[in-house]
Amino acid sequence: MPERSDRLDFYIRDQTTRPAITEPHRHDYFQIQINLGGDTVQRIGGARRPFPRGAVAFILPYRLHLIPHPPESRFMVINFSQQFLRADLEDDPLDLEDVSVHRAVELAPFRFQEYLDFVLTDADLAEVRQLLARMLEVDGARGFGATALLRGYLLQLIGIVCARHAEPLQRLADSEKQRTGRRDALARVMRHIRAQIASDELSLTSAAAAAFLSPNYLAHLIKKETGRTFTELVTDRRMALAQSLLAHSTKRVGEIAQAVGFRDEAYFSRRFRRTTGMSPSDYRNAHHATADTQPSTAANPANAAHPARRDPPARPAPRRARA
């Protein structure tokens, strides 16, 4: 947390300590934001939801987010490392969505933040305010035992939210909603790739923005779900489109190269040969030759059912005997 926090394990501050970030951003640590006054909205991942007074936002590492702080609003921000939250949780931060909530219930509100609004009752908010005050005091002194106290207060805060929203959290955990979310994100990526396949602007960064993910997380997700890198995935799609255009259009090879995102025809030809084992021209000729030699079955339906069957040649008419 060196870029935003004074300590690497745990840090708590209010809105007066540092100006709020005004652009969507991400970081490699966990974050909790508590709205103590001033309605606004939250954008976390692909979701945009209200963020009124008493609302709590739970942000996973590397999750793109933005919560504007209106003038005169009051916020509390808590940043902490994965090691601080659960020293025994050795999973990669990019794999936390696969960790069962039964194994780590503390992760439940972070994993399902995009599907629920965590808004506290007045009684719960009063209790959370007391916890925040204790965190500020202990974090400011950092005496002996401070880490254990801070972790305890943090878990109490998470526990209050989990208890208040236990039923929907358990329902989401049972519905495999997080996997649906990943599939939706990959679908957004594939739509972006198809729409931008010919563009110089197509990149991991642009695809991540289209899917509301960080580039690091998207690269990890694609590799995990497809076994391919982003570059390999895009190249596969470009080569598949090029094969289709060569087989079914009369565009010149240079035009096809441009249509699938290659500005250099020679480089396109090398990549195409590497993928198919043939040059673009040879691929087109081979496909057309195959199409030209296909037997027609329309005139004789019986031949369609038996491709190897052929009608016998017509016999010549017998000669008439001379008188």
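Between Ser244 and Asp98, the C-beta separation translates, for a Förster distance of 35 Å, into a calculated FRET efficiency of about 0.50. In percent, rounded to a whole number, the relative contact order of the chain is 13, using alpha-carbon pairs under 8 Å and six or more apart. Close amide H contacts of Phe118 (hydrogens built in the peptide plane, cut-off under 5 Å, sequence separation of 5 or more or a different chain): Val56. For segment 179-292, dividing the convex hull volume of the Cα atoms by the residue count gives 109 Å³ per residue.
Both radii were evaluated on the Cα set of the chain; the Rg over Rh quotient, with Rh as the Kirkwood radius, amounts to 1.27.
Can you compute the FRET efficiency between Asp117 and Ala187 using 1/(1 + (r/R0)^6), with r the Cβ-Cβ distance and R0 = 30 Å? Round to the nearest 0.05. Plugging the Cβ-Cβ distance into 1/(1 + (r/R0)^6) gives 0.75. Amide H contacts of Leu36 (H built 1.01 Å from N, in plane; Pro and chain starts excluded): Gly54, Arg74, Phe75, Met76 sit under 5 Å, all sequence-distant by 5 or more or on other chains.
Once you sort the root eigenvalues of the Cα gyration tensor of segment 10-175 as a ≥ b ≥ c, which label holds: rounded (a/c under 1.5), prolate (a/b larger than b/c) or oblate (the other case)? Rounded, because the longest to shortest axis ratio a/c is under 1.5.
Between Leu8 and Thr22, full extension at 0.36 nm per residue minus the direct alpha carbon distance yields a gain of 2.7 nm. The Cα-based radius of gyration of segment 124-260, divided by its Kirkwood radius, gives an Rg/Rh of 1.26. Taking the average, over residues, of other Cβ atoms within 10 Å as the packing measure, peptides 215-221, 35-41 rank 215-221, 35-41 from highest down. Sequentially through segment 22-27, phi angles give Karplus couplings (6.51, -1.76, 1.60; θ = phi - 60°) of 9, 10, x, 8, 8, 8 Hz, Gly and Pro residues having no value and appearing as x. Percent relative contact order of segment 179-292, based on C-alpha pairs within less than 8 angstrom and at least six residues apart? Taking the mean separation of contacting Cα pairs over the length of segment 179-292, I get 20 percent. Model label points for Ser281 and Lys223, set 7 angstrom from Cα along the Cα-to-Cβ axis, are 4.0 nm apart.
Per-residue Cβ neighbour counts within 10 Å put Asp139, Asp124, Asp184 in the sequence Asp184, Asp124, Asp139, beginning with the fewest. Put in line by how crowded their Cβ is, counting other Cβ atoms within 10 Å and starting with the fewest, Leu8, Leu107, Leu241 read Leu8, Leu241, Leu107. A simple rule links phi to the HN-Hα coupling: the Karplus curve 6.51 cos²θ - 1.76 cosθ + 1.60 with θ = phi - 60°, which for segment 224-233 gives 5, 7, 10, x, 10, 7, 4, 4, 5, 4 Hz, with x for Gly and Pro.
Every read-out reported here was derived from the displayed coordinates using simple, explicitly stated rules and does not represent laboratory data. All values derive from a computational prediction rather than experimental measurement. Don't worry about glycine lacking a Cβ; one is built from the backbone with ideal geometry, like all the others, and counts go over all protein chains shown.
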